[in-house]
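Student: Dumping the structure here so I can ask a few things about it.
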Amino acid sequence: MIFILWAIGFFLLNVNNIDLNQQLISFALMATTVGSSIFVVNNFPYFKNNFYFAFLFSLSFLLLGCCLENLNFFAGLFFLYLILSQILYINQKEHQIFNSFDLGFYIGVAIIFYPPFWVFGLFLLFHFIVLGKTQIVNLIFSLLGTLALFILCLQFLAIFDSWHYWDGFVEELYLMPMHLDLDLLFLAPLVLVAIFGLVDYYTNINRQSANKKAVFFDAMLWFIFAVIFNVLYGGNNDNGLLLLVLPVVLYTSNLLTYSKTFWKSEVILWLFVICLVLYRFHPYIKVPELFDTVTF
């Protein structure tokens with residue numbers, strides 16, 4: 001139900017912008033990304049009895065994802081969240097749908113769609129490296145998966161003599177640093193809340209299960225690489241912020257779920273909602289110029 005409401009709300013908010021087939025495909029990819037991510041995380045035992053994650057995750061995508069022209073970005077984003085959801089699922093359920101070769105292959109697909117996503121190729125490498133010697137085989141297979149895809153693509157370029165695609169791929173790799181805007185100040189409290197949730201989690205880490213520790217560690221690792229991506233390739237649009245949503249919402253939802261005081265949860269929840277609403281709609285809010293009407 002939350003996912004259906006999200007889809008309707010996003011379409012209504014952006015109905016004037018969704019007028020091309022390309023943007024409709026971007027919308028469909030984003031909707032699939034939101035739905036699959038909520039489905040995976042809501043099956044975790046520590047989020048089963050509440051809707052904090054589903055609500056905050058869908059609201060974040062609803063109010064942050066508004067630039068649908070870049071179809072390549074949303075295609076790559078879909079595969080990135082598919083990979084992250086699978087990694088978190090493996091940590092929690094110890095059962096995998098995709099093997100390490102598949103993960104490497106799909107990270108390659110994400111990079112081909114949007115070359116700056118090579119940053120998250122490093123995330124996958126670090127994920128296996130941090131797990132230690134037991135994951136060396138998985139690390140090698142993930143590299144082979146990525147390599148196999150790129151060799152296949154190069155063969156197609158050679159067969160069809162379409163090397164201009166390679167030139168475009170290289171151009172996409174040029175750095176496009178994030179443009180710092182005062183609008184981002186509306187989102188600063190959300191980062192502070194996530195950090196507070198991170199601190200709260202690690203102060204109680206001894207009470208957590210091994211599976212939950214792995215899930216939250218990978219979320220923190222993803223957050224670090226998402227920040228690096230935004231610094232290097234954030235540019236002038238908000239799309240890069242969507243990569244920060246899952247770890248921020250994950251830690252915030254955990255804080256809300258296990259908060260010992262009801263009022264604290266309510267304050268944090270409303271702060272999250274208000275900050276997102278102000279970020280999206282502040283250009284349309286006009287503060288009355290009261291002092292201009294005052295006479296002495």
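Student: For Cα pairs less than 8 Å apart in space and 6+ apart in sequence, what is the mean separation divided by the residue count of segment 23-176, i.e. the relative contact order in percent?
Tutor: Normalised by residue count, the contact order of segment 23-176 is 22 percent.
Student: Work out the P(r) tail for segment 2-293: percent of alpha carbon pairs separated by more than 36 Å, whole number.
Tutor: 18
Student: What's the extension gain from residue 273 to residue 185 if we count 0.36 nm per residue and subtract their Cα-Cα distance?
Tutor: Working: separation 88, 0.36 × 88 = 31.68 nm, distance 1.46 nm.
This chain segment gains 30.2 nm when fully extended.
Student: Starting from the Cα-Cα distance between residue 209 and residue 148, subtract it from 0.36 nm times their residue separation and give me the gain in nm to one decimal. All intermediate terms of the calculation are to be shown ahead of the outcome.
Tutor: Numbers: separation 61, 0.36 × 61 = 21.96 nm, distance 3.64 nm.
Full extension of this stretch gives 18.3 nm more.
Student: Give or take rounding to whole Å, what are the principal axis extents of the alpha carbon atoms in segment 143-293, in descending order?
Tutor: 65, 58, 18
Student: Cut-off is 10 Å between beta-carbons; in what order do 25, 90 appear when sorted fewest neighbours first?
Tutor: Details: 25 14, 90 20.
Sorted ascending by nearby Cβ count, the order is 25, 90.
Student: Mean Kyte-Doolittle of at least 0.5 and a Cα length of 27 Å or more along the axis: which whole DSSP H helices of the chain meet both?
Tutor: Counting only whole DSSP H runs, the qualifying helices are 21-42, 71-93, 136-160, 210-233, 262-281.
Student: Could you tally up the Lys pairs in the chain with alpha carbons closer than 28 Å? Skip any pair fewer than 8 positions apart unless they're on separate chains.
Tutor: 15
Student: While we're on this one: Show me the chymotrypsin sites (Phe, Trp or Tyr not before Pro) within segment 211-262 that DSSP assigns to loop and that have at most 11 other Cβ atoms within 10 Å of their Cβ.
Tutor: Numbers: sites: 216, 217, 222, 223, 225, 229, 233, 251, 258, 262; in loops: 258.
Here no loop site has a sparse enough neighbourhood.
Where a number appears in this text, it was derived from the coordinates with a stated rule and is not lab data. Since the structure is predicted, the reported quantities are computational estimates derived from the model, not experimental observations. Glycine gets a Cβ as well: all are built from the backbone with ideal geometry, and neighbour counts include every protein chain shown.
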